[in-house]
Amino acid sequence: MTASLPVWPFAILAGLVVLGIRQSRDRVVEPGAMARMALAMLVFSLYGVTTAFGTEPLPIAAWAAGFAASMFLGAPVLAPRGLAREGDAVRVPGSWLPLALMVGIFVAKFALGFAAGVGAHVVQQAWFVAVVSAALGMFSGAFAARAMAVQRFVRAR
């Protein structure tokens with residue numbers, strides 16, 4: 001069964017791991033760069049939901065609820081700490097959280113694709129659709145929360 005798995009998902013995973021490792025070190029970023037990363041992860045996760053479940057109300061609402069919960073309720077925990085201004089940029093302390101979030105989105109999308117590919121009936125169950133959609137929303141909401149924290153830091157200074 002694993003012999004029929006395509007190679008390209010693992011290339012994407014390798015790219016995400018490299019990107020995540022880079023974010024584990026202190027770095028200086030333009031505030032817009034974090035917003036672009038959050039937007040990319042939003043598109044990646046929402047695309048996963050819509051390609052797997054369509055644009056039906058349940059998956060979209062579950063994704064939006066997960067996104068909102070992570071963005072608003074999780075923001076105090078997810079926001080980077082120890083930000084410092086460096087000209088127009090911001091020094092962001094290194095964190096393994098972005099890597100964990102990216103790999104989380106990847107694993108959720110990969111498992112979903114695999115389950116759909118083998119014809120697992122659970123993919124059609126409303127509870128499964130809601131849980132997976134909400135999880136993908138939460139992952140992308142975490143990126144948005146981090147980006148918003150940097151934006152608030154920049155505006156406050």
Taking first residues from the range 27-53 that are more than 13 Å from residue 148 (Cβ to Cβ) and second residues anywhere that are of a type in the set (Ser, Thr, Tyr) and in a helix (DSSP H, G or I), the pairs with Cβ under 8 Å that are 6 or more apart or on different chains are 41/140; 44/140; 45/140; 46/140; 49/133; 53/133
Going through (1) more than 25 Å from residue 111 (Cβ to Cβ); (2) surrounded by 14 or more Cβ atoms within 10 Å (Cβ to Cβ); (3) not acidic (Asp, Glu) one by one, residue 25 fails only at (2)
Pairs returned, first residue in the range 84-108 that is among the acidic types (Asp, Glu), second residue that is in a helix (DSSP H, G or I), beta-carbon separation under 9 angstrom, 6 or more apart or interchain, are 88/31; 88/154
In this structure, is residue 64 surrounded by fewer than 17 Cβ atoms within 10 Å (Cβ to Cβ), at pLDDT 95 or above and within 16 Å of the chain's Cα centre (by Cα)?
yes
The residue that is farthest from the chain's Cα centre (by Cα), considering only those in the range 88-114 that are β-branched (Val, Ile, Thr) and not in a helix (DSSP H, G or I), is 90
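Any idea how many residues of the range 71-87 are in a loop (DSSP other than H, G, I, E, B) and touching a helix residue (DSSP H, G or I) at 6+ places or on another chain (Cβ under 8 Å)? Explain how you work it out, then say what you get.
At the first step, the residues of the range 71-87 found to be in a loop (DSSP other than H, G, I, E, B) are 74, 79-83, 87.
If we keep only those that are touching a helix residue (DSSP H, G or I) at 6+ places or on another chain (Cβ under 8 Å) as well, we get 74, 79-80, 83.
Summing the residues that are in a loop (DSSP other than H, G, I, E, B) and touching a helix residue (DSSP H, G or I) at 6+ places or on another chain (Cβ under 8 Å) in the range 71-87 gives 4.
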Residue check: is residue 141 within 25 Å of residue 14 (Cα to Cα), buried (at least 18 other Cβ atoms within 10 Å of the Cβ) and of a type outside the set (D, E, K, R)?
yes
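The values are calculated or read from the model by the stated rules, or taken from the named source; none is laboratory data. Remember, predicted model here, so these are calculated numbers, not experimental data. Methodologically, a virtual Cβ is constructed for each residue, glycine included, from the backbone with ideal geometry; neighbour enumeration extends over all protein chains shown.
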